[in-house]
Every structure is written in C-alpha cells, then in structure tokens.
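Below: one structure, written as structure tokens.
Values in this text are rule-based calculations from the coordinates and carry no lab data. What you are looking at is a predicted structure, and each value in this text was computed from that prediction instead of being measured. Glycine gets a Cβ as well: all are built from the backbone with ideal geometry, and neighbour counts include every protein chain shown.
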Amino acid sequence: MNAARKGLAAQQRLKTITLYDVVSPALAKVGQRYRLQLLIQSDQRAQLQLALSQWTEHLYAMAPAKVSWIIDVDPIDC
C-alpha cells in the first residue's frame, strides 16, 4: 500500500489533491486477509477523478495476484 501511495504521489502533479498516510481500519484483519486504507481528498472533483483514473491503471498493473483493491469514492459536497 505504501508503494501504491508513493506511485500516486510521484505521478500526481495536481496541487489540489491531498494524500494522507496509510492506516489500518477498525477491522484490520478479516479471516486471513489484512486490510489497509488510503484517503485521497480534493476540493476539485474533476482533478480527483483524473488522478484516480491514472492511479487505478498503475495500481492494477503493479498488484500481485494475491492482492485485491477496492476503490470506494464517497462524494461530499460542502
């Protein structure tokens, strides 16, 4: 997950996106699988969508077969 975060940080040239540290959720282990979370935040939806589409391609290309990714987008308009 840290490698994925670094990959996004390296490729993202958009100053409107904030990357937070990787954290463990309340249920860090389910069965034999470990879970981690990475929060990506932006006030500009278009910039966030662009970064996510580029990052998703990178993410799936680097993931070994035993790693699965779930991307959950929670829109919050203030």
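For E57 paired with L27, estimate the spin-label separation in nm (one decimal), with each label point 7 Å from Cα along the Cα-to-Cβ line.
3.4 nm
Tally Lys/Arg at +1 and Asp/Glu at -1 over every other residue whose Cβ is under 13 Å from the Cβ of V67; what's the total? Show your work: numbers first, answer last.
Details: positive: R33, R35, K66; negative: none.
Local charge sum for V67: +3.
Going by average Cβ density within 10 Å per residue, which order do the peptides 54-63, 24-33 take, highest to lowest? Intermediate values should be presented prior to the final figure.
Details: 54-63: 13.1, 24-33: 8.4.
Per-residue mean Cβ counts within 10 Å order the peptides as 54-63, 24-33.
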